[in-house]
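First comes the structure, then the notes that go with it.
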Amino acid sequence: MKKVISLVIAIAVMVSLFVIPVSAAEQVIDLSTLDTYNFPAAGINDVVGFHFATGGTSGDNSLGTLDLSGYNMMVVTYRNGVAPGIGVADIALVNSANEQVGLLETEGSGGWGSEAIGYIDISAITSTSDTYSFKLLPGANGSWITGVKLSTESGISSALTNANAIVAGETKLTQDITGTLVASSGTYVIDLAGFTWSNSTAVALNVNGADVTVIDSVGGGKIIVTANDAIEVNSGKLTTKGIAVISDNSGGDAFFVNGGTTVIEDCDIYAKKAGIDVSQNGDSATITVKGGTFAGTYSEEEVRTSAIEFRNDNKEITLLGDITFKNNLILRRNEATKALTDLITAGTDSTITYGADATVEGYENYKANTIEYAYTGTGEPVDPSDPTDPSEPSDPSDPTDPSEPGTPDKDVEIDVNALPDASEYKAAGYEDKVLIVNKELSLGTHNLKGCKKIVLSYGADKSAPLGDHDVYIKDASGNVIGKARLTAASTNWAGGSQDVAIEINSDYNGEIFVAKDEFGHQIAVSAAKLVYAAGSDVATGDVMPFVILIAAAAFVVTILSKKRAF
């Protein structure tokens, strides 16, 4: 019996080595036990907290000794005596060595009686125990900190309220936001997650050199501006997928394009002036509209509201996919001298019919046309400039060439970095591009005859409930040809990368797609491998921990079975 008990204990200890630690729970810091200062300001006489004032009691306020490892965010509630938009001094989080390890970016709360919420990114702090303090930085006006808690929520950007706090990397909204983001460098992936990004004084998004993708994983997400253009693209690249973009302003455009590359996919475009304004500024620009709706105005009609307005001969638009034109007016100003047939290109399975030139009442420098657009295709439309255009022949020696019969004689490593839908994701720890899977994304064209399984390496937010959801492989018609249950990540994104093997029982030969269940979290696919009967059957990292565990258990059994010698 003792041998059996010892064996059970030994195996239990070894199994525990492979168990992922449970994430730390949310922790509320009791400010009343710390070095507090009761400031009798209007509306907060009974509030206990830290007071930072440029002309009163201020300075460092200790949070005591804390273990911040395992937490991603410090959530701070605060108040001040100023209105939104008025400058407020930021507050630094410092360690015992007086090094700044985090920053609370404050704003006007609306008065002492109103509370605001701020966020400090502490995901990079790994110390298990240190003394932390708040320190007022130079600036106008101070704040009263009334609450502090530690959270495992991922990233400061997941709970932001102002667009100017969005940083390169992945951002998923948890509430409506306001303000302007000027994206000058880096790669952004912004998920509206069903919320509204608004601005009543300026553009919401200015792409000025960065690579920015805006998506909506939930539905109903929109960008709306009431006093300007909604989005301006000067340089870099903008991709919008499945969102509504609205300029509800008499002189405003949904998209104002000076330069760079703009891809608008399955979006609803509203504007009182122009859905897309191809401006006279800049030398050139590439614009692709892939599905979606030119929906006209969001509220009151305007005399010269148009779907597209051209003011430059060096910027061209490609239309492809199933696009609906509820407003089909195309305007050209004097600066655009080319014919519309030279400015607008129809994609695969698409046709465009133009009306005759007409004048616009009250606007002598404009010519007006109507457009009749039709899409006859059934699958994913192909951009003529896309290097994955199937009209380009593949290498006849490539085992995935759909024209090559039979079973490939080796496994196929898919170069995810080269896929057209791959996005930069360096902010989450990835060095190369990945597929940010929320809806169906292409894995390229492959011959699945003899394919046993497709192994994907993926990462995700460690708070994502992936264990309740599946990942799918689909053919070009949307048929599911393989699926498997995902596993929750142990740490965030690249740090928690793991494999999932999707069993395949199909002789399908063509383009395949990866997709997942419809829920509010994404996965980042960094590697993909097609395993064939003639190739290797083991993916790296797929079974080794279990082999080690079984071998170790067998070793313990052997030792315990021997007689002890004294």
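Overview of values
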| item | result |
| --- | --- |
| Total residues in the stretch 227-258, condition under 13 Å from LYS273 (Cα atoms) and touching a Gly at 6+ places or on another chain (Cβ under 8 Å) | 7 |
| GLY362 closer than 26 Å to ASN249 by Cα and touching a Phe, Trp or Tyr at 6+ places or on another chain (Cβ under 6 Å) | no |
| Sole residue being at negative phi, at pLDDT 90 or above and among the hydrophobic types (A, V, I, L, M, F, W, C), chosen from VAL263, VAL278 | VAL263 |
| Pick from the stretch 176-192, criterion surrounded by 17 or more Cβ atoms within 10 Å (Cβ to Cβ) and in contact (Cβ under 8 Å) with a residue 60 or more places away in the chain, ranking: farthest from VAL212 (Cα to Cα) | ASP191 |
| Of residues in the stretch 77-96 being modelled with pLDDT of 85 or more and assigned to a loop (DSSP other than H, G, I, E, B), the one nearest to ALA165 (Cα to Cα) | ASN95 |
| Meets criteria (of a type outside the set (A, V, I, L, M) and at pLDDT 90 or above) for THR171 | no |
| Checklist (1) surrounded by 17 or more Cβ atoms within 10 Å (Cβ to Cβ); (2) in a strand (DSSP E or B) applied to ASN228, failing item | (2) |
| Filter result (in a loop (DSSP other than H, G, I, E, B), under 13 Å from SER69 (Cα atoms) and more than 29 Å from the chain's Cα centre (by Cα)) within the stretch 106-156 | THR128, SER129 |
| Single residue of SER114, SER69, SER123, SER62 found to be surrounded by fewer than 16 Cβ atoms within 10 Å (Cβ to Cβ) and either under 21 Å from THR152 (Cβ atoms) or at pLDDT 85 or above (or both) | SER69 |
| Any hit, the stretch 324-339, residues being free of Cβ contacts under 8 Å to residues at least 24 places away in the same chain, outside any strand (DSSP E or B) and either of a type outside the set (Phe, Trp, Tyr) or out of contact with any Phe, Trp or Tyr (no Cβ under 9 Å at 6 or more places or on another chain) (or both) | yes |
| Criterion violated by PHE294 - all others in (1) surrounded by fewer than 22 Cβ atoms within 10 Å (Cβ to Cβ); (2) part of a strand (DSSP E or B) satisfied | (1) |
| Condition met for VAL245 (touching a Lys or Arg at 6+ places or on another chain (Cβ under 9 Å), outside any loop (DSSP other than H, G, I, E, B) and surrounded by 24 or more Cβ atoms within 10 Å (Cβ to Cβ)) | yes |
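Yes or no, residue by residue, for (1) farther than 24 Å from ALA418 by Cβ; (2) buried (at least 21 other Cβ atoms within 10 Å of the Cβ):
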{"residue": "GLU440", "(1), (2)": "no, no"}
{"residue": "PRO465", "(1), (2)": "yes, no"}
{"residue": "HIS469", "(1), (2)": "yes, no"}
{"residue": "ILE473", "(1), (2)": "no, yes"}
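Yes/no per residue for (1) surrounded by fewer than 24 Cβ atoms within 10 Å (Cβ to Cβ); (2) outside any strand (DSSP E or B); (3) not assigned by TED's automatic domain parsing to the domain that holds SER198:
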{"position": "PHE256", "(1), (2), (3)": "no, no, no"}
{"position": "ASP268", "(1), (2), (3)": "yes, no, no"}
{"position": "GLN280", "(1), (2), (3)": "yes, yes, no"}
{"position": "VAL289", "(1), (2), (3)": "no, no, no"}
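The values are calculated or read from the model by the stated rules, or taken from the named source; none is laboratory data. Just so it is clear, the model here is predicted, and its values are computed rather than measured. Virtual Cβ from ideal backbone geometry, glycine too; neighbours counted across all protein chains shown.
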